[in-house]
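Scroll down for the structure; my scribbles are underneath it.
The values are calculated or read from the model by the stated rules, or taken from the named source; none is laboratory data. Predicted model, so just to flag it, every value in this text is computed and none were measured. As a convention, Cβ positions derive from the backbone with ideal geometry for all residues, glycine included, and neighbour counts pool all protein chains shown.
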Amino acid sequence: MNSADFTVLLPLIVLGSTAVVVMLAIAFHRSHPLTATLTEIGLAVAFWSLWPAAAAVPRQVTPLLIVDRFALYYFGLILAATFAVVLMAYGYLERHDVRREEFYVLLVVAALGSLVLVASDHFVSFFLGLEILSVTLYALAAYLTDREIALEAGMKYLVLAAASAAFLLFGMALVYAETGTMEFPALAAQLAEGGAAHIWVLAGVAFMVTGFGFKLAVVPFHLWTPDVYQGAPAPVTAFIASVSKGAMFAILLRFFYQSGSRDLHASLLIFAIIAVASMIAGNLMALFQNNVKRILAYSSIAHLGYLLVAFEAGGPIGAAAGTFYLTAYMVTTLGAFGVIAALSSSGRDAEEIEDYRGLFWRRPVLAVVFTAMLFSLAGIPLTAGFLGKFYTVAAGASAAIWSLIFVLVVTSAIGLFYYLRVVVALYATEPAPDEAERPPLPAVPAMGGLTLAALTGVLIWLGVYPQVVLNAIRAAMSALF
């Protein structure tokens, strides 16, 4: 490996080294504060290393990885989100009588798998990154072993993720058998020469869509989502909803744009169907939920449907709109689950709507933060979610996909209802039926509170002055075209 390769791979090297250092630190001295501090230092150094890496991109490192501006943008997004999850998880884990330190090793390795996914330019690295991410998520989802629902969530995720990985791998095998290559750019050349019409290529891409669909939790591959969101610890759910889906959307863009698979009529048709089904089913099923985690789970299905509208729009405008929407969604989701983590006790997570009734009169700051996150998810002006939907609609209009835009607008209006149900509960003045039996709310850790404040600030900043982030996104998307 020469110096240029080392420089562009520095974020991955630092993150991998962090996992080893944290693991050794646990072996010599088990300390929750020390482990969390080492993890945060490693993530901060990995984030800092993006600047020297930016001076050496684009760079192809073996046929497996390509580090360009697109990869660096998503590197930064993943590292920042993981940093926030660690800060949320510290206070959350302090309330639980478990071995806390190994949680951070798993989290760092999961983030490393996400970085590999984002930089993948080859089927081998794609599958390797996906499995590094998935295997750690199995353990993270079931980390609170004293909760039966957490073990159930981990088992469901394990079984369904393994099945989806088999579909993905079989799809890769079919495409490779017909084209003779596993590199994305070389695959584009093969498809341009007429291979796209072959039945095995179409079948392979269809099987791969199944793998993508599971990780993105879109209809009809969404069945694991509400159960895993509800059963997993709140910080883990935040990680799955933000980092895992962010990395998967990045590889979706890279694969389908750089391999030429997006130009297949069958691909556009199947993603349009999935987008419509996700927007409708996600919003309608959320209407009947009283569990906040499950509401956010079904909401995430709908939001990924909105993301696919930007993907369907195509071109630099569609890719940029989708990436901005994803950025806004990650910030909002981290904030929403951060509030849930802050209010959760050792016995159970604060996941029922009744747990939030009258919260404004007991914890006004947390209620305002949660309101801002819900308003962003609903697409209310002056929030990042509003501009995300606006740019997505603009991208769809530029591609004249009016039917998808119509479904997006109508289902977004439906989504207002279940978000406002939670907001109304936050500011309700009448006591809940079991108010007298409620345990006192846990204290919000200082770092968790600062994290929520920072996420709220970013949320408003993106909704009021998004130009800086948009410029960075447009520069990153130029690497795909």
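Of the helices (runs of 4 or more DSSP H) lying entirely inside the stretch 218-270, those containing at least 1 residues that are closer than 12 Å to Phe311 by Cβ and at pLDDT 85 or above span 245-258. Would you confirm whether or not the stretch 126-146 contains a residue that is of a type outside the set (A, V, I, L, M, F, W, C), in contact with a strand residue (DSSP E or B) (Cβ under 6 Å, 6 or more places away or on another chain), crowded, with 22+ Cβ neighbours inside 10 Å and touching a residue at least 40 places away in the same chain (Cβ under 8 Å)? So far as the stretch 126-146 goes, yes, one or more of its residues are of a type outside the set (A, V, I, L, M, F, W, C), in contact with a strand residue (DSSP E or B) (Cβ under 6 Å, 6 or more places away or on another chain), crowded, with 22+ Cβ neighbours inside 10 Å and touching a residue at least 40 places away in the same chain (Cβ under 8 Å). When you scan the stretch 36-54, do you find a residue that is buried (at least 20 other Cβ atoms within 10 Å of the Cβ), of a type outside the set (Phe, Trp, Tyr) and out of contact with any Ser or Thr (no Cβ under 9 Å at 6 or more places or on another chain), even just one? Yes.
Figure legend. Inter-residue proximity from the stretch 174-188: first residues free of Cβ contacts under 8 Å to residues at least 24 places away in the same chain, second residues small (Gly, Ala, Ser) and not in a helix (DSSP H, G or I), beta-carbon distance below 9 Å, spacing 6+ or different chains. Indicated pairs: Ala186/Gly180; Ala186/Ser259. Of the residues making up the stretch 139-162, none is among the acidic types (Asp, Glu) and under 18 Å from the mean Cα position of the chain (by Cα). Take the residues in the stretch 222-233 that are of a type in the set (A, V, I, L, M) and buried (at least 24 other Cβ atoms within 10 Å of the Cβ); name whichever of them is farthest from Arg95 (Cα to Cα). Per the stated criteria, the residue is Val228.
Among the residues of the stretch 254-285, those that are polar (S, T, N, Q) and either closer than 15 Å to Val209 by Cα or surrounded by fewer than 20 Cβ atoms within 10 Å (Cβ to Cβ) (or both) comprise Ser259, Ser261, Ser267, Ser278. Within the stretch 32-46, the presence of at least one residue that is touching a residue at least 24 places away in the same chain (Cβ under 8 Å) and under 26 Å from Tyr325 (Cβ atoms) is confirmed.
Step by step: first the residues of the stretch 462-481, then only those that are part of a helix (DSSP H, G or I) and free of Cβ contacts under 8 Å to residues at least 24 places away in the same chain, then the one that is surrounded by the fewest Cβ atoms within 10 Å (Cβ to Cβ). Which residue is that? The extreme case among them is Gln467.
Being at pLDDT 90 or above and either out of contact with any Phe, Trp or Tyr (no Cβ under 6 Å at 6 or more places or on another chain) or over 30 Å from Val444 (Cβ atoms) (or both) is a property that Tyr90 lacks. Every residue in the stretch 58-76 that is out of contact with any Pro (no Cβ under 6 Å at 6 or more places or on another chain), part of a helix (DSSP H, G or I) and buried (at least 24 other Cβ atoms within 10 Å of the Cβ), please. Within the stretch 58-76, Phe70, Ala71, Leu72, Tyr74 meet the criteria. The number of residues in the stretch 100-125 being surrounded by fewer than 24 Cβ atoms within 10 Å (Cβ to Cβ), in contact (Cβ under 8 Å) with a residue 40 or more places away in the chain and farther than 26 Å from Arg69 by Cβ comes to 4.
Condition check ((1) of a type in the set (Lys, Arg); (2) over 18 Å from Pro445 (Cα atoms); (3) modelled with pLDDT under 90) across all residues:
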{"position": "Ile41", "(1), (2), (3)": "no, yes, no"}
{"position": "Ala53", "(1), (2), (3)": "no, yes, yes"}
{"position": "Leu79", "(1), (2), (3)": "no, yes, no"}
{"position": "Val86", "(1), (2), (3)": "no, no, no"}
{"position": "Val98", "(1), (2), (3)": "no, yes, yes"}
